[in-house]
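Colleague: Attaching a single structure in C-alpha cells format; questions to follow.
Please treat every number below as a calculation from the coordinates, not as lab data. As the structure is a prediction and not an experimental result, all values here were calculated from the model. Here the Cβ positions follow ideal geometry from the backbone for every residue, glycine too, while neighbour counts run over all protein chains shown.
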Amino acid sequence: MRLFSLSLGSMSEDQKNHPYCRPKDAATLIVIDSNGARPKVLMGQRHLSSAFMPGMYVFPGGRVDAGDSRLSVPDALDTTVERKLLTDMKGISSPRRARALVLAAIRETAEETGLLIGTRNAQNWTTRSPAWSPFVEHGLVPALAPLTFFLRAITPPGRVRRFDTRFFCTNSQAIAHIIPNDNDELRNLHWLTIEQARKLELPRITRFALDTLDEKLTRNKFPKPQDEVAYFYERGGSFQRETL
C-alpha cells in the first residue's frame with residue numbers, strides 16, 4: 001500500500017553520470033533503551049573520511065558479508081519477520097539470505113559498538129569465523145529472535161554507493177555483554193532521546209526511521225514482528241513509501 005511520495009530534488013552531474021549500481025544487501029540495528037523516563041537509541045557519527053555519508057550520525061550497521069549467509073546458529077528467525085524480509089527481495093530470495101540480514105545487523109553492531117546481542121551458549125555453539133569470535137569467547141550465541149524488522153530503504157539510483165538496507169530494532173535488554181570498542185568507523189557513540197537525535201546531522205532515511213519509531217513509542221507500543229514495515233525507495237524521481 002503506497003502512503004506518499006516526496007520529490008528528491010535534482011542530483012549532481014557526478015550522480016547523474018555515475019554508472020548504474022545494483023543495491024547491495026545491508027542491515028542496521030536500532031537498540032532502544034526503555035529504562036529511563038524517555039526511550040533512548042544508540043547512535044554514532046560516521047568518520048569524516050567515509051565515502052558514504054561522511055560525518056552523518058547513524059545507527060550501527062553495514063553491508064551483508066558472505067560469511068553471514070554461511071553461519072548457522074541455533075536461534076530461529078521469527079516466521080513473520082522472515083516472511084516480510086522475503087517480500088520483494090531483489091535477486092534470488094531464500095530464508096538463508098533473510099537470516100543473513102539479521103546476522104549482519106548483529107555482527108555490525110558488535111564490531112562498531114561492542115554490544116553483543118545474544119544468549120548464553122547452552123548448545124556448545126562455535127564457529128571459526130573471526131567476525132564472531134567475541135561471541136564464542138564470552139560464551140554467547142547470536143540471538144535472532146529479539147530483533148524486529150522495522151523499516152526498509154533502498155538508496156536512490158545515481159549514488160556512488162547503493163544499499164538495500166533493512167532496519168531492525170531491539171530492546172537493550174537483548175544486550176548480553178559489552179566488549180571494549182576500538183572500531184573508529186562509528187565515533188562519538190551516544191544514547192540519545194529521539195528529540196536529541198533529531199538535532200544532529202542525519203541522513204534523511206534516518207530521520208524517517210526516528211519519526212516512525214517515535215510514533216510507535218509515544219503510543220507505548222514497542223515495535224512488534226506483526227507491525228507494518230515502512231518501505232522507502234525511489235521511482236520516477238520521487239521518494240515512495242509503501243508498507244510490507
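Colleague: So what are the ³J(HN,Hα) numbers for region 127-138, from phi and the Karplus equation (6.51, -1.76, 1.60; θ = phi - 60°), rounded to whole Hz, Gly and Pro as x?
Modeller: Once θ is set to phi - 60°, the couplings for region 127-138 become 7, 8, 5, x, 4, 10, 4, x, 5, 4, 5, 9 Hz.
Colleague: So how do 21-28, 229-236, 103-110 stack up, highest first, on mean other-Cβ count within 10 Å?
Modeller: Answer by packing, highest mean first, reads 103-110, 21-28, 229-236.
Colleague: Let me ask something additional. Spin-label point model (7 Å from Cα, Cβ direction): what's the E185 to K199 distance in nm?
Modeller: Output for this residue pair reads 2.9 nm.
Colleague: Can I ask one more? Have a look at G118, Q226, L71 and report the one farthest towards the positive end of the charge dipole of the chain, computed about the Cα centre with Cβ charges (Lys/Arg +1, Asp/Glu -1).
Modeller: Final value for the positive-end residue is Q226.
Colleague: Additional query: Helix 204-217 versus the longest principal axis of the chain: what is the Cα-based angle in degrees, 0 to 90, to the nearest 10?
Modeller: 60 degrees
Colleague: Further, regarding this structure: Run the quick spin-label model on V160 and Q123: label points 7 Å from Cα toward the beta carbon, then report their separation in nm to one decimal.
Modeller: Those two pseudo-labels are separated by 4.3 nm.
Colleague: Sequence neighbours fewer than 8 away in the same chain don't count; with that in mind, list the aspartates and glutamates whose C-alpha is under 13 Å from K24.
Modeller: D65, D164
Colleague: For Q240 and N171, what is the calculated FRET efficiency with R₀ set at 25 Å and r taken between the beta-carbons, to the nearest 0.05? Mind dumping the intermediate values first?
Modeller: Numbers: r = 30 Å, r/R0 = 1.21.
After rounding to 0.05, the efficiency reads 0.25.
Colleague: What whole-number distance in Å separates the alpha-carbon centres of region 157-196 and region 75-103?
Modeller: 20 Å
Colleague: Anything over 22 Å Cα to Cα? Flag those among K90/K221; K40/K221; K84/K224; K90/K224, in the order listed. All intermediate terms of the calculation are to be shown ahead of the outcome.
Modeller: Details: K90/K221 30 Å; K40/K221 15 Å; K84/K224 12 Å; K90/K224 24 Å.
In this structure, K90/K221; K90/K224 lie more than 22 Å apart at Cα.
Colleague: Just to be sure I understand: if I project the alpha-carbon convex hull of region 4-243 onto a plane and average over all orientations, what area do I get in nm²? Intermediate values should be presented prior to the final figure.
Modeller: On the way: hull surface 53.3 nm².
Spelled out: convex hull of the Cα atoms, projected over all directions, averaged, 13.3 nm².
Colleague: How large is the translational diffusion coefficient of region 190-244 in µm² per second when you combine the Kirkwood radius over alpha carbon pairs with Stokes-Einstein at 4 °C and 1.567 mPa s?
Modeller: Values: Rh = 12.7 Å.
Stokes-Einstein gives a translational diffusion coefficient of 102 µm²/s.
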